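Here the structure comes first, spelled out in structure tokens, and everything after it is commentary.
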Amino acid sequence: MNNSLSRTGSVPAIAVQGLCHDFGTGEAKVRVLHEVDLTIQRGEVVILVGPSGSGKTTLLTLIGCLRSLQTGSVKLLGQELNGASPATLIDMRRRLGFIIQAHNLHKSLTAMQNVRMGLEVHGAAGLTNWQAACQQALSLVNLGERLDFLPEKLSGGQKQRVAVARALVGNPEIVFADEPTAALDRENGRVVVELLRDLANQRQTTVLMVTHDHRILDVADRIIKMEEGHVVDDRSIDESIITTDLEEANA
Ligand SMILES: Nc1ncnc2c1ncn2[C@@H]1O[C@H](COP(=O)(O)OP(=O)(O)OP(=O)(O)O)[C@@H](O)[C@H]1O
Ligand SMILES: [Mg+2]
């Protein structure tokens with residue numbers, strides 16, 4: 001049987017095997033990821049926790065085609081990234097969405113125009129109904145009333161929600177989120193993570209999210225814990241009562 005196939009016979013969204021990563025060269029070389037193995041099925045919401053410096057962002061950026069692989073294998077939707085051509089990586093990035101803490105909105109563009117940038121990344125900005133697609137994405141994050149606002153007229157939470165709309169407007173198959181709620185209050189944070197949960201339920205979108213915010217762990221199917229570049233715990237939420245242990249991991 002092909003190991004890349006899941007129990008149900010479908011190709012996993014993410015399959016990582018023996019992934020290592022070093023920063024620096026020569027004597028300054030430091031290994032920050034050690035033989036990471038990880039399989040995530042389509043439609044799963046997985047939260048990555050662990051102390052600062054444990055390698056969460058490094059792992060996310062490697063899996064998300066934002067950093068070159070050194071050693072090991074990462075397969076996204078069945079496609080091996082290690083050794084893949086630049087064209088393959090560009091095609092793959094179009095199938096992904098990213099939500100990062102620093103929202104990187106363009107200051108001179110309105111909310112709608114910023115969200116349209118998300119369609120451009122997906123090669124879909126020429127869609128005749130791009131306005132409807134952007135409007136729908138902004139409505140999803142409760143910003144349907146602020147389509148023509150420039151970022152300077154939006155609060156921090158609203159800007160982050162525009163960035164979420166931008167990440168989701170192209171219907172990505174996998175969404176990578178690095179501390180998406182860090183700049184948000186509880187209510188706005190909840191809107192964002194529940195939206196991701198709904199996407200997973202309704203469209204089989206796969207979500208891999210790093211967070212230090214233990215209030216949102218309940219939206220996950222699985223919680224993976226990292227320490228010093230190793231995966232030290234990987235369990236589904238029904239087995240895992242959200243313990244002091246995990247809260248400590250997020251401290
Ligand atoms: N560009 C870089 N050059 C050198 N070392 C780096 C670089 N980026 C990260 N590191 C180191 O790699 C290790 C893992 O960093 P990473 O950013 O992945 O941690 P993290 O788990 O995301 O932490 P945090 O919770 O603080 O965001 C850290 O020791 C960090 O100092
Ligand atoms: Mg990080």
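Among the residues of the stretch 38-55, what is the count of those that are within 11 Å of the chain's Cα centre (by Cα) and within 16 Å of ligand 2 (Cβ to nearest atom)? Reasoning before the result, please.
Kept after step one, since they are within 11 Å of the chain's Cα centre (by Cα), are these residues of the stretch 38-55: 45-48.
Still in the running and within 16 Å of ligand 2 (Cβ to nearest atom): 46-48.
Total meeting the criteria: 3.
Does ARG161 satisfy the condition of being surrounded by fewer than 21 Cβ atoms within 10 Å (Cβ to Cβ) and either away from ligand 1 (no atom under 16 Å from the Cβ) or not in a loop (DSSP other than H, G, I, E, B) (or both)? Break it down into steps so the answer makes sense when it comes.
Working: surrounded by fewer than 21 Cβ atoms within 10 Å (Cβ to Cβ): no; either away from ligand 1 (no atom under 16 Å from the Cβ) or not in a loop (DSSP other than H, G, I, E, B) (or both): yes.
Here the answer is no, as ARG161 does not meet what is asked.
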Only unsatisfied item for ARG186, checking (1) of a type in the set (Lys, Arg); (2) within 15 Å of the chain's Cα centre (by Cα); (3) exposed (fewer than 15 other Cβ atoms within 10 Å of the Cβ), is (2)
Give me a count of the residues in the stretch 70-89 that are within 17 Å of the chain's Cα centre (by Cα) and loosely packed, with under 15 Cβ neighbours inside 10 Å.
-> 0
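Would a scan of the stretch 143-156 turn up a residue that is without any contact (Cβ under 8 Å) to a residue 60 or more places away in the chain, part of a helix (DSSP H, G or I) and buried (at least 23 other Cβ atoms within 10 Å of the Cβ)? Steps first, please.
Within the stretch 143-156, the subset without any contact (Cβ under 8 Å) to a residue 60 or more places away in the chain is 143-156.
With part of a helix (DSSP H, G or I) added as a condition, the list becomes 151-153, 156.
Imposing the further condition that a residue be buried (at least 23 other Cβ atoms within 10 Å of the Cβ) reduces the set to none.
No, there is no match, as no residue in the stretch 143-156 is without any contact (Cβ under 8 Å) to a residue 60 or more places away in the chain, part of a helix (DSSP H, G or I) and buried (at least 23 other Cβ atoms within 10 Å of the Cβ).
Does MET112 fit the bill of being away from ligand 2 (no atom under 16 Å from the Cβ), under 21 Å from the mean Cα position of the chain (by Cα) and either buried (at least 18 other Cβ atoms within 10 Å of the Cβ) or among the charged types (D, E, K, R) (or both)?
Numbers: away from ligand 2 (no atom under 16 Å from the Cβ): yes; under 21 Å from the mean Cα position of the chain (by Cα): no; either buried (at least 18 other Cβ atoms within 10 Å of the Cβ) or among the charged types (D, E, K, R) (or both): yes.
Criteria not met by MET112.
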Every residue from the stretch 12-51 that is at pLDDT 95 or above, of a type in the set (Val, Ile, Thr), under 21 Å from LEU69 (Cα atoms) and within 16 Å of ligand 1 (Cβ to nearest atom) | VAL16, VAL30, VAL32, VAL36
Which of (1) within 16 Å of ligand 1 (Cβ to nearest atom); (2) closer than 26 Å to ILE40 by Cα; (3) at pLDDT below 85 does HIS122 not meet, given it meets every other one?
-> (1)
Examine the stretch 58-69 for a residue that is within 19 Å of the chain's Cα centre (by Cα), surrounded by 13 or more Cβ atoms within 10 Å (Cβ to Cβ), more than 16 Å from ligand 2 (Cβ to nearest atom) and not in a strand (DSSP E or B), and state whether such a residue exists.
-> yes
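Evaluate the following for LEU217: is it touching a residue at least 12 places away in the same chain (Cβ under 8 Å), assigned to a loop (DSSP other than H, G, I, E, B) and of a type in the set (A, V, I, L, M)? Break it down into steps so the answer makes sense when it comes.
Details: touching a residue at least 12 places away in the same chain (Cβ under 8 Å): yes; assigned to a loop (DSSP other than H, G, I, E, B): no; of a type in the set (A, V, I, L, M): yes.
For LEU217, the condition - touching a residue at least 12 places away in the same chain (Cβ under 8 Å), assigned to a loop (DSSP other than H, G, I, E, B) and of a type in the set (A, V, I, L, M) - is not met.
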Members of the stretch 166-193 found to be within 16 Å of ligand 1 (Cβ to nearest atom) and either touching a residue at least 40 places away in the same chain (Cβ under 8 Å) or among the hydrophobic types (A, V, I, L, M, F, W, C) (or both), listed by number | PHE176, ALA177, ASP178, GLU179, PRO180, ALA182, ALA183
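The values are calculated or read from the model by the stated rules, or taken from the named source; none is laboratory data. Please read these numbers as outputs of a predicted model, since none were measured by experiment. As a convention, Cβ positions derive from the backbone with ideal geometry for all residues, glycine included, and neighbour counts pool all protein chains shown.
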